[in-house]
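Contents: one structure, followed by commentary.
Quick note: the coordinates plus some simple rules give every number you see, no bench work behind them. Owing to the predicted nature of the structure, the values given are computational and were not obtained by experimental measurement. Glycine also receives a Cβ, built like all others from the backbone with ideal geometry; neighbour counts cover every protein chain displayed.
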Amino acid sequence: MPATARYVEHVMGMPISLALRGRHTDDAEARGAWAEAMAVLTDVDRIFSTYRADSQISRLGRGEIALDDCPPEVAEVLALGAVAERESGGAFTVRLSGPDGQQVLDPSGVVKGWAVERAAEPLWRLPDTDFCLSAGGDMTCRTVGPDSPPWRIGVEDPADLRRLIAIVPVFTGAVATSGTAHRGQHVIDGRTGRPPTAVASVTVVAGSLTWADIDATAAFARGRDAARWLETRRGRSGLVVWADGTTTTVEPALR
């Protein structure tokens with residue numbers, strides 16, 4: 001197996017890690033691509049962080065600026081959110097109820113996967129180099145050449161984070177998980193305004209991290225209907241872990 005170089009930094013409130021193997025792992029080209037990737041994520045955090053009062057998304061949510069005053073990326077993300085809301089039957093939403101009953105603009109369910117996919121663009125330009133770029137456990141991967149082994153992505157058991165419940169081999173594609181294990185009940189069913197209780201985690205494998213992340217969140221938000229809804233999503237496979245610890249695999253199987 002080829003030697004692997006690893007890079008780690010924190011941005012967007014989470015660890016960002018990169019694994020490289022092949023022609024460019026620990027040279028100027030590799031380090032330059034990593035710096036470009038981190039610059040993209042730093043810029044996304046500046047625009048979209050809901051924890052920063054001065055971010056574009058926070059100011060837009062408070063009505064201090066209009067959508068036309070924002071960078072074009074904001075309209076792109078909100079358009080993706082609108083598509084996800086429609087295709088999930090309203091379970092996915094970028095507008096949450098705040099503690100005072102007012103709606104809060106929060107496109108986090110779109111931003112992470114979308115941002116990491118954008119950040120991976122300089123990595124795609126590294127010739128003859130495999131990469132796996134991960135943000136808080138969601139990742140986009142590439143392998144090149146017939147002899148490159150797949151990246152082996154572990155899926156945590158939401159009831160015991162020391163244990164893996166599945167291993168997903170990925171050559172080129174993306175894996176995203178939505179669940180309660182790390183952040184508690186942060187996903188809200190837009191149809192009810194309440195967090196679903198029947199499901200513990202949903203992992204989705206897809207060609208695009210943007211849509212793997214969106215669909216993992218949307219399936220989770222649908223609660224008891226998570227697996228049935230995910231089965232309707234073309235090109236996706238997945239693993240639903242229910243609150244009682246049982247699992248449902250959406251074909252093709254994950255292991």
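Could you work out the relative contact order of the chain? I mean the mean sequence separation of Cα pairs under 8 Å and 6+ apart, divided by the number of residues, in percent. Once normalised by length, the contact order is 16 percent. A simple packing score, the average count of other Cβ atoms within 10 Å per residue, orders the peptides 235-248, 198-211 as 198-211, 235-248, with the highest score first. For the range 226-232, the Karplus equation 6.51 cos²θ - 1.76 cosθ + 1.60, evaluated at θ = phi - 60°, returns couplings of 4, 5, 4, 5, 4, 4, 7 Hz by residue, with Gly and Pro reported as x. Among the chymotrypsin sites (Phe, Trp or Tyr not before Pro) within the range 1-73, those in coil by DSSP and having at most 16 neighbouring Cβ atoms inside 10 Å are Tyr51. Note on the chain: helix-only mean residue ellipticity at 222 nm, from DSSP H runs of 4+ residues weighted -39500 (n - 2.57) and normalised by residue number, equals -9000 deg cm²/dmol.
In this calculation the C-beta distance from Thr197 to Arg125 is compared with R0 = 51 Å, giving a FRET efficiency of 0.70.
Using the alpha carbons alone, the radius of gyration of the chain stands to its Kirkwood radius in an Rg to Rh ratio of 0.97.
The phi-based Karplus calculation (6.51 cos²θ - 1.76 cosθ + 1.60; θ = phi - 60°) puts the 3J(HN,Hα) values of the range 135-141 at 10, x, x, 9, 9, 10, 10 Hz, whole numbers, x for Gly and Pro.
Put a dot 7 Å past the Cα of Thr248, heading toward its Cβ, do the same for Ala3, and the two dots end up 4.7 nm apart. Per-residue Cβ neighbour counts within 10 Å put Asp26, Asp130 in the sequence Asp26, Asp130, beginning with the fewest. How about the range 1-97: which GluC sites (Glu not before Pro) there lie in a loop by DSSP and see at most 15 other Cβ atoms within 10 Å? Sites meeting the loop and neighbour criteria: Glu64.
Among the trypsin sites (Lys or Arg not before Pro) in the range 115-217, those located in a DSSP loop and surrounded by at most 14 other Cβ atoms within 10 Å of their own Cβ are Arg125, Arg183. Across the range 77-155, the relative contact order, built from alpha-carbon pairs under 8 Å that are at least six residues apart, equals 18 percent.
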